[in-house]
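J.: Shown below is the structure under consideration.
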Amino acid sequence: MKSFFEISPILEKTLDSVWLRNEIIAENLANVDTPGYKSKEVVFEQILRNEMMKRGSKMKIARTHPLHITNEYDVVNIKPEIRIKNNSSLRNDKNNVDIDLEMAELTKNTLKYDVLSQLIKKHFQNLQSVISEGRR
């Protein structure tokens, strides 16, 4: 049960960042013909990895009530960053959106979202099973 409470906030934050990435990719695709537009990207996984390595496994979760379950992971303050991509393949109109690359990223991101959703669903099914079996 401890692993459920440790991994759930990380999965939730990662799912949020994947959703944000989907929005940024959609924005890039919508501006494929906008002169001067610079494509953006969402950086989260590297930030999460760096924070977890920096803090080790000593991260604390924010508690809003003293009776809430404690946890060693605090991902509340870890936020994804939106950055301008540094690809130098500018077109004559100074737009650097590569539609093929964006579509590939969208496909990869959709698969990531589906996998994370399934993992979260499985965690809640496991918790439901523990609660149901505990009543017997």
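The values are calculated or read from the model by the stated rules, or taken from the named source; none is laboratory data. If you're wondering where the values come from, they're calculated on a predicted model, not measured in any experiment. Note that we place each Cβ from the backbone using ideal geometry, even for glycine, and neighbour counts take in every protein chain shown. Remember, those area values only see protein heavy atoms, side chains included, never the ligands or the DNA or RNA. Shrake-Rupley method; radii C 1.70, N 1.55, O 1.52, S 1.80 Å.
J.: Test each condition in (1) assigned to a helix (DSSP H, G or I); (2) small (Gly, Ala, Ser); (3) within 24 Å of Val43 (Cβ to Cβ); (4) modelled with pLDDT under 95 for Ser129 and report the one that comes out false.
T.: Among (1) assigned to a helix (DSSP H, G or I); (2) small (Gly, Ala, Ser); (3) within 24 Å of Val43 (Cβ to Cβ); (4) modelled with pLDDT under 95, the lone unmet condition for Ser129 is (3).
J.: What pairs come up if the first residue lies in region 99-123 and is farther than 15 Å from Lys13 by Cβ, the second is surrounded by fewer than 16 Cβ atoms within 10 Å (Cβ to Cβ) and of a type in the set (A, V, I, L, M), and their beta carbons are under 6 Å apart, counting only those six or more places apart or on different chains?
T.: Listed by first residue and then by second, the contacts come to Ile99/Val32; Glu102/Leu29.
J.: From the list Leu111, Leu106, exactly one residue is open to solvent by less than 90 Å² (accessible area, probe 1.4 Å) and at pLDDT 85 or above. Which is it?
T.: On inspection, the qualifying residue turns out to be Leu106.
Residues checked against (1) open to solvent by less than 70 Å² (accessible area, probe 1.4 Å); (2) at pLDDT below 90; (3) in contact with a helix residue (DSSP H, G or I) (Cβ under 6 Å, 6 or more places away or on another chain); (4) part of a helix (DSSP H, G or I):
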position: Met53; (1), (2), (3), (4): no, yes, no, yes
position: His68; (1), (2), (3), (4): no, yes, no, no
position: Asp74; (1), (2), (3), (4): yes, yes, no, no
position: Asn77; (1), (2), (3), (4): no, yes, no, no
position: Asn95; (1), (2), (3), (4): yes, no, no, no
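J.: Being surrounded by fewer than 16 Cβ atoms within 10 Å (Cβ to Cβ) and part of a helix (DSSP H, G or I) is the filter here; which residues of region 21-46 pass it?
T.: If the condition is that a residue be surrounded by fewer than 16 Cβ atoms within 10 Å (Cβ to Cβ) and part of a helix (DSSP H, G or I), then Glu23, Ala26, Glu27, Leu29, Ala30, Glu45, Gln46 are the ones that fit.
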